[in-house]
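We did not get these values from a lab; they are worked out from the coordinates using the rules stated. Because the structure is a prediction, the values reported are computed rather than measured. No Cβ is skipped: glycine too gets one built from the backbone with ideal geometry, and neighbour counts run over all protein chains shown.
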C-alpha cells in the first residue's frame, strides 16, 4: 500500500547499538526530517540487545549527529526530532521480545501506520528477525505498508544466498524486500543513467563499434582495520565485486529501459548480468589477478597463512549485440594509493591515420571518466593541435564537477536517498533476488578456482601503491594500461 501525506512512517532499526545506526541511519533520518521530506511524520524505534532507556538512546544518537552530521541545524530542530526516538531492548531470536516490540508499535495508533524495518544486525540473524516479525504479525500489510530493508552481505556464496532468499520469501513478498547497496544511492552513480540516456551525443557511440574497453575501479586507501577477522573470511571478491562492482557494471552496460520504473530498470540490469560470460576454470589464470597487501598477515584475527585476496582484477566479456568483444576490466583493493571510485570508457582510435605524426607515435585514444568519489564529476579528454606546430597534438581535458556546479553540500548521503526511496516504495536502486544469485554464479567459480587450483598465484603489493605489478602486466598483454583519471594519476 502506498504512503499518503497523512500517514506516519515508523522506522524500526534492528541492531540500533551498532556503528551504522549512529554514523549513517540517524543522521540521514534527521536530514530528511530537517528537509521535511517525511511527509506524514516519523517515529524511530531502536531495537538491540543492549539495555538502555529512551533517554539513553537519544543521547547516544545525538553523539552521532555531533560527530557525523555535516549540515548546519538549529538546536530546536534536534529537540523536536529526538522526541520521535524510542528504544526497545531485545534479542533477535526471542519471540517474546518481538511481542514487546509489537506493544510499543501499537502506541502510534491513530493515523494509518507505515512501517519500515531496517536490518542493521549481523547477517546471521536476518532469517530470525524476519521470521519473528512474521510470527508477531508485524509484516502483514493492512492499513499501511510493511517493508524490510536488508544490509549486505546477501549470503557468502550462491548456496547461502539461495537459502537466505528462500527463508525470507516464506514471510515476505519480493515487493516488500529492499536489499540495500549504498553505492547505488550515490548521486554520481545515479547520474550514470542520466548521462547515458538523456544526452543524445553519447548513447549512439556507447557500443562495441566505438569503445575499445571499459575499466571500473573501486580503490580504498585504508586497510582492513578492526574488521580483520571478518575480512579474512570474506576477501575482496565477496566484499566488493559481487555487489558494488557488478552494480556499476550493469549501469554502464544495460540497455535503455522502456520506462523509468523499478522493475523495468531491474530487468535490464538482470539481463546484463545474465549475459556476462563466466570465467571458466581454464581461464582463471589468464583473466584474473589476486593479491594481498604487505602487512595483512600481521593483523589480529588474520590466519598466518591466509590466502585471502585484498586486491583483485578481472576481465569480463558481455555476450550480447551491444558489447560483443569489448573487455570490461574490474578491479578493487585495500591499502591502495588513493581512495577513488571511477568508470573509465576508452574509445577506439580513429580508423585511419591521416596526419604526419612522428614515427612510432599514434593518436591518443579519447577517454571518458565518470568520477563517483571523492571528486564527483565527469572528466573527458580529446585531441587538439598544439599552436605553432605542424601537426603536433595534445590531449586536453573537459571537466564537470558537482561541487563547482551545485556547491560543496549539494550531494546528500547515499543512505538518505535510499531510506526515502524505501518509504516511497521505489525499488529502482535496490537489488532484486535474481540479481544477487546471478552475481554469485559469476563470483563463486573464481573464488573456488583460486583456492583449489592456486592459480594465479597470490601476489604481494606494497601499501600505498596501485596494486601488484602482475596487474599492470595483465593489462599490458593486450596493449592496454590501467587509468586513474579522476585522481589525476594518468
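In degrees between 0 and 90, to the nearest 10, how far off the longest principal axis of the chain does helix 126-135 point, with axes built from Cα atoms?
30 degrees
Under 1.5 on a/c is rounded, so check that first for the stretch 401-482, then, if it is not, pick prolate when a/b is larger than b/c and oblate when it is not; a ≥ b ≥ c are the square roots of the alpha carbon gyration tensor eigenvalues.
oblate
What's the extension gain from residue 68 to residue 460 if we count 0.36 nm per residue and subtract their Cα-Cα distance?
137.6 nm
Angle between the Cα long axis of helix 262-275 and the longest principal axis of the chain, 0 to 90 degrees, nearest 10?
Tilt relative to the chain: about 50 degrees.
Mind checking the full-extension length gain between residue 50 and residue 390? Use 0.36 nm per residue of separation minus the Cα-Cα distance, one decimal, nm.
The span from residue 50 to residue 390 would gain 115.0 nm if fully extended.
Once you compute Rg and the Kirkwood Rh from C-alpha atoms, what is the Rg to Rh ratio for the stretch 414-459?
Radius of gyration over Kirkwood radius for the stretch 414-459 works out to 1.29.
Between residue 107 and residue 203, what is 0.36 nm times their sequence separation minus the Cα-Cα distance? Round to one decimal in nm.
29.3 nm is the gain from fully extending residue 107 to residue 203.
Given N residues in the chain, what is its alpha carbon radius of gyration divided by 2.2 N^0.38 Å?
Here the Cα radius of gyration is 1.05 times the empirical estimate.
Would you mind getting me the FRET efficiency between residue 77 and residue 124? Use the beta-carbon distance for r and R0 = 45 Å, nearest 0.05.
0.75
Testing the spin-label approximation: label points 7 Å from Cα along Cα→Cβ at residue 405 and residue 426. State their distance in nm.
Spacing of the two 7 Å Cα→Cβ label points: 1.9 nm.
At R0 = 60 Å, how high is the FRET efficiency between residue 337 and residue 99 if r is their beta carbon distance? Nearest 0.05 is fine.
Once rounded, the FRET efficiency stands at 0.70.
Could you tell me, in Å, what Rg and Dmax come out for the Cα atoms of the stretch 3-59?
Radius of gyration, then largest Cα-Cα span, for the stretch 3-59: 12.2, 35 Å.
Rounded to the nearest 500, what is the 222 nm mean residue ellipticity of the chain from helices alone, with -39500 (n - 2.57) per DSSP H run of 4+ residues and division by all residues?
Value at 222 nm, helices only, nearest 500: -9000 deg cm²/dmol.
Report, to the nearest 10°, how far helix 158-169 tilts away from the longest principal axis of the Cα atoms in the chain, using its own Cα long axis and a range of 0 to 90°.
30 degrees
I need the peptides 189-196, 241-248 ranked by packing, meaning the mean over residues of other C-beta atoms within 10 angstrom, with the highest value on top.
Ranked from most to least packed, the peptides come out as 241-248, 189-196.
How large is Rg/Rh for the stretch 90-198, to two decimals, with Cα atoms and a Kirkwood Rh?
Rg/Rh for the stretch 90-198 comes to 1.04.
Work out the FRET efficiency for residue 259 and residue 227 from their Cβ-Cβ distance, taking R0 = 35 Å, and round it to the nearest 0.05.
0.30
Using just the Cα positions, wrap the stretch 8-151 in a convex hull and report its mean projected area in square nanometres, one decimal place.
Mean projected area of the Cα convex hull: 8.0 nm².
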